[in-house]
Amino acid sequence: MGREMVESSSSSSSSSSFSHFAIFHNYPLISAVLAFAIAQTGKFIITWYKENRWDPKRLVGSGGMPSSHSATVTALAMAVGFNEGFGSSFFATAVILAAVVMYDAFGVRLHAGRQAEVLNQIVLELPTEHPLADTRPLRELLGHTPPEVCVGGILGVVVATVAHIINTA
């Protein structure tokens, strides 16, 4: 019995040394990360097109078209659905997570960004001797409009679907 435990532990340690590479075969994770990367790259390109300038902050920043948060969670939910089944508890959990994130993106964070705009304008109008006159401006681009969230969601569905087709081919 002791020998079986030694063999079992040695085989599990050798298999666990390769199990960390399994992350590269995790289709839902890859779909979500890929959707995020595509959305962020899209923001970067759209900023260049609209404003005729390169803004590297758009590669990692929040807000703007398309919503990378929406793309990420939608791709994750779709990939989990394809992988585990659309009737599974895992899919239900992923859908609820996606709904909460997307609601937050065009609800709370959008309004927080709009409040930041107003506060920044108020600070600009303060007399220079006011203690808050040299306050650093608040970030204004926090949330998303409903179209930005919808486009992000569509992007996530497309990425997960294409990845599923590639994964099963």
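General remarks:
- Residue 92 meets each of the listed conditions (1) farther than 17 Å from residue 145 by Cα; (2) touching a helix residue (DSSP H, G or I) at 6+ places or on another chain (Cβ under 8 Å) apart from (2).
- Of all the residues in region 39-66, those that are among the aliphatic types (A, V, I, L, M) and buried (at least 19 other Cβ atoms within 10 Å of the Cβ) number 1.
- Listed by position, the helices (runs of 4 or more DSSP H) enclosed by region 61-166 that each have at least 3 residues that are within 20 Å of residue 30 (Cα to Cα) and touching a Pro at 6+ places or on another chain (Cβ under 7 Å) are 68-84.
Per-residue answers, yes or no, for (1) farther than 17 Å from residue 35 by Cβ; (2) modelled with pLDDT of 75 or more; (3) buried (at least 19 other Cβ atoms within 10 Å of the Cβ):
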| site | (1), (2), (3) |
| --- | --- |
| 68 | no, yes, yes |
| 77 | no, yes, yes |
| 116 | yes, no, no |
| 157 | no, yes, no |
| 166 | no, yes, no |
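- The number of residues in region 79-113 that are at pLDDT below 75, surrounded by 13 or more Cβ atoms within 10 Å (Cβ to Cβ) and out of contact with any Asp or Glu (no Cβ under 8 Å at 6 or more places or on another chain) comes to 4.
- For region 49-62, a residue qualifies if it is more than 21 Å from residue 105 (Cα to Cα) and modelled with pLDDT under 75, and the qualifying residues are 54, 55, 56.
The values are calculated or read from the model by the stated rules, or taken from the named source; none is laboratory data. What you see is a predicted model; the values in this text were computed from it and never measured. Glycine gets a Cβ as well: all are built from the backbone with ideal geometry, and neighbour counts include every protein chain shown.
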